[in-house]
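The values are calculated or read from the model by the stated rules, or taken from the named source; none is laboratory data. No experiment lies behind these values; they were computed from the predicted model shown. Note that we place each Cβ from the backbone using ideal geometry, even for glycine, and neighbour counts take in every protein chain shown. These area figures cover heavy atoms from the full protein model, side chains too; ligands, DNA and RNA do not enter into them. Shrake-Rupley method; radii C 1.70, N 1.55, O 1.52, S 1.80 Å.
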Amino acid sequence: MQLSRPVRRALLVVHVAVSVSWLGLTTGLLTLGLAGFTAGSAETAVAAYRAMGVLTDFLVLPVAAASLASGVALSLGTHWGLARYRWVLTKFWSTLLAVGLTLLALRPGIAGLAAAAATGRPAPDPGVLVAPAVASALYLFLTAVSVLKPWGRTRRGGRPRGARSAGNRERAGAPS
């Protein structure tokens, strides 16, 4: 089923907005993690880790889920399809992995830092820098994939419309 043009365009705007928001949130988490990790005072570290906790608890997962859902809806409702092009499959599986890692690793890790910070004894952990840095790099990669659409069709996607084999062109009298 193809989405109507107004619905497709609205969904595309939503998808781009939440995807850019996800990138912005992870960049913000990286900035806060750097501030907490390099803080000269416990108060600064506590504030940074608490802010990270608020962002991960209330924004990151809903924005990540909205990015995944809007991307799947766009792929299923347009000619791109979910399994017709390698770049769409790459985005889907990478986004699914990122949402899973956000749920299973990032949120609990930051929750632990925020809890330690609440006791007044923030524990510097390099993981607070690694997770958002890797996530930001992944989202930049996915953005590039969306813009460049670098890979062709999957086996399931078949040939591009209008493409014929050399044998079919010869039989049809078309020049090779």
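Okay, here's what the table says:
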quantity: Filtered residue count, segment 1-56, keeping only those that are closer than 26 Å to T95 by Cα, out of contact with any Gly (no Cβ under 8 Å at 6 or more places or on another chain) and hydroxyl-bearing (S, T, Y); calculated: 6
quantity: T56 being more than 23 Å from H15 (Cβ to Cβ) and at pLDDT 85 or above; calculated: no
quantity: Number of positions in segment 12-22 that are open to solvent by 40 Å² or more (accessible area, probe 1.4 Å) and either touching a Pro at 6+ places or on another chain (Cβ under 8 Å) or within 21 Å of W80 (Cβ to Cβ) (or both); calculated: 6
quantity: Segment 29-40, subset assigned to a helix (DSSP H, G or I) and free of Cβ contacts under 8 Å to residues at least 40 places away in the same chain, residue surrounded by the fewest Cβ atoms within 10 Å (Cβ to Cβ); calculated: T31
quantity: Tally of residues being under 19 Å from A39 (Cβ atoms) and in contact with a Phe, Trp or Tyr (Cβ under 8 Å, 6 or more places away or on another chain) across segment 105-143; calculated: 11
quantity: Residues of segment 95-108 satisfying the condition of being open to solvent by 40 Å² or more (accessible area, probe 1.4 Å) and either farther than 13 Å from L61 by Cβ or within 16 Å of the chain's Cα centre (by Cα) (or both); calculated: L96, L97, L101, L103, L104, A105, R107
